[in-house]
Amino acid sequence: MKIQKTKSWITIYGVLALLLIAIYYLLDLNVFDPWEQYLPFVKKLTISLFLIALIYLLSKIIAKIIDTQTNSEGDRYNLLRIVRFLAMVFSLIVVASFLFQNLYAAVVSFGLISLVIGFALQAPIASFIAWIYLIFRRSYLVGDRIQIKGFRGDVVEISYLDTTILECNGDYLGNDRKSGRIIRFPNSLILKEEIINYSGPEAPFIWNETAIQVAYTSDLQFVEECLLEASIRDFKERYPQLAPHKQDQWEPAVYFRINRFAWMEGVVSYPVEPEDTTGRRNRILKYALPLLNEAPDKVKFPEGALR
């Protein structure tokens, strides 16, 4: 649908550019001599509109190439933003050259205006500079799960001045499910705060852990085997495309610790995609508990009022 829409805009801008350049040359015909005093203005306006149409035509063609040739959603989003920004800049230059007698006067005027705006709009300018920093530094991309200044969520938009994330966890949830709330923060915040990116390209998984309470009299070796089996089973079912030799670095591990109620805890640590932490924990528990309950002589669970 998006590519089809881009094709439509390419056609519209292409036809508009041809129409404007045709009008520009038709104005040289003798039939327009009675309006000779207006012709310079009309011709300048026509050629300016032609250049703007040509700029947006090229931007749509480049956008189509980006849509078809770029695999990463985050990279595609950033490249399209750059193309749109450059199209606006070049269009403003054309408008300035139309309003002023020459480009030098336009540049001087833009310089003076920029100086005034720079003092009046320091915060938005800082956010815009931070957007440029994001484009090149790639601190996060659209689709990444990030945490910044207590906010945690999935990035859904990176505009020129702010970033929009779909919150996960939040005030009303005790897990990493999406809360449904939208959080927007100025891009300038990344220049002041540390950013935690859970979806970095170097590592597709983060490490999480799940604990099961067992009694001291339990067979710890058996408990460890059950937890490992449950974790490995879920990983293979979830990611069958990973070759066995690539799975080695994501092998789960089990360790034991004493909790605050003086019970034993068997803790399995495992790799998980950032948006699947709650789901993977549930699946591991559903696989592990039947295995543990099948051997009551080997596994004892805590009993009592604090259970």
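The values are calculated or read from the model by the stated rules, or taken from the named source; none is laboratory data. From a predicted model like this one, the values you see are computed outputs, not experimental measurements. Quick reminder, even Gly has a Cβ in these numbers, built from the backbone with ideal geometry, and neighbours come from all protein chains shown.
Restricting attention to region 217-229, and to residues there that are surrounded by 12 or more Cβ atoms within 10 Å (Cβ to Cβ) and either in contact with an Asp or Glu (Cβ under 6 Å, 6 or more places away or on another chain) or not charged (D, E, K, R) (or both), which single residue is modelled with the lowest pLDDT?
Residue satisfying both the conditions and the ranking: Ser218.
Out of everything in region 18-68 that is in a helix (DSSP H, G or I) and acidic (Asp, Glu), what residue ends up being nearest to the chain's Cα centre (by Cα)?
Selected residue: Asp67.
Could you give me the residue pairs with C-beta distances under 7 Å whose first residue belongs to region 168-197 and is within 22 Å of Ala126 (Cβ to Cβ), whose second residue is assigned to a loop (DSSP other than H, G, I, E, B) and not small (Gly, Ala, Ser) wherever it lies, and which are 6+ apart or on separate chains?
Close Cβ pairs (under 7 Å, with a partner that is assigned to a loop (DSSP other than H, G, I, E, B) and not small (Gly, Ala, Ser)) amount to Pro186/Leu161; Asn187/Leu161; Leu189/Lys149; Glu193/Lys149; Ile195/Tyr140; Asn197/Tyr140; Asn197/Asp144.
Write out, first by first residue and then by second, each pair whose Cβ atoms fall under 6 Å of each other, whose residues are 6+ apart or on separate chains, and whose first residue, in region 265-284, is touching a residue at least 12 places away in the same chain (Cβ under 8 Å) and surrounded by 19 or more Cβ atoms within 10 Å (Cβ to Cβ) while the second is of a type in the set (Gly, Ala, Ser) and assigned to a loop (DSSP other than H, G, I, E, B).
Between residues of region 265-284 that are touching a residue at least 12 places away in the same chain (Cβ under 8 Å) and surrounded by 19 or more Cβ atoms within 10 Å (Cβ to Cβ) and residues that are of a type in the set (Gly, Ala, Ser) and assigned to a loop (DSSP other than H, G, I, E, B), the close pairs are Pro274/Ser199.
Just to be sure I understand the filter: pairs with C-beta atoms under 7 Å, separated by 6 or more residues or on different chains, first member in region 215-231 and among the charged types (D, E, K, R), second member part of a helix (DSSP H, G or I). Which pairs pass?
As it stands, the answer is Glu229/Leu291, since those pairs meet every condition given.
Go through (1) over 30 Å from Arg145 (Cβ atoms); (2) at pLDDT 85 or above for Val95 and report which single condition fails.
(2)
Taking the options Gly143, Gly111, Gly118, name whichever one is modelled with pLDDT under 75 and either under 23 Å from Arg280 (Cβ atoms) or touching a helix residue (DSSP H, G or I) at 6+ places or on another chain (Cβ under 7 Å) (or both).
Of Gly143, Gly111, Gly118, the one residue that is modelled with pLDDT under 75 and either under 23 Å from Arg280 (Cβ atoms) or touching a helix residue (DSSP H, G or I) at 6+ places or on another chain (Cβ under 7 Å) (or both) is Gly118.
Being of a type in the set (D, E, K, R) and over 19 Å from Val272 (Cβ atoms) is the filter here; which residues of region 183-223 pass it?
Within region 183-223, Arg184, Lys192, Glu193, Glu194, Asp219 qualify.
Those residues that are of a type outside the set (Gly, Ala, Ser) and at pLDDT 90 or above, I need them from region 273-292; list them, please.
Those that are of a type outside the set (Gly, Ala, Ser) and at pLDDT 90 or above: Arg280, Arg281, Asn282, Arg283, Ile284, Leu285, Lys286, Tyr287, Leu289, Pro290, Leu291, Leu292.
From the set of residues in region 230-242 that are surrounded by fewer than 16 Cβ atoms within 10 Å (Cβ to Cβ) and in a helix (DSSP H, G or I), which is nearest to the chain's Cα centre (by Cα)? Talk me through it step by step, then tell me what you get.
Here is the first cut: in region 230-242, the ones surrounded by fewer than 16 Cβ atoms within 10 Å (Cβ to Cβ) are 233, 236-242.
Filter once more, keeping what is in a helix (DSSP H, G or I): 233, 236-238.
Values: Arg233: 31, Lys236: 28, Glu237: 27, Arg238: 23 Å.
Per the criteria, the residue is Arg238.
Test each condition in (1) in a loop (DSSP other than H, G, I, E, B); (2) under 29 Å from Lys300 (Cα atoms); (3) of a type outside the set (A, V, I, L, M) for Arg257 and report the one that comes out false.
Going through the list (1) in a loop (DSSP other than H, G, I, E, B); (2) under 29 Å from Lys300 (Cα atoms); (3) of a type outside the set (A, V, I, L, M), Arg257 breaks only (1).
Would you please name the residue that is surrounded by the fewest Cβ atoms within 10 Å (Cβ to Cβ), looking only at residues in region 131-181 that are in a helix (DSSP H, G or I) and of a type outside the set (A, V, I, L, M, F, W, C)? First the steps, then the outcome.
Initial filter on region 131-181 (in a helix (DSSP H, G or I)): 131-137.
Filter again for of a type outside the set (A, V, I, L, M, F, W, C), leaving 133, 137.
Details: Tyr133: 15, Arg137: 11.
Per the stated criteria, the residue is Arg137.
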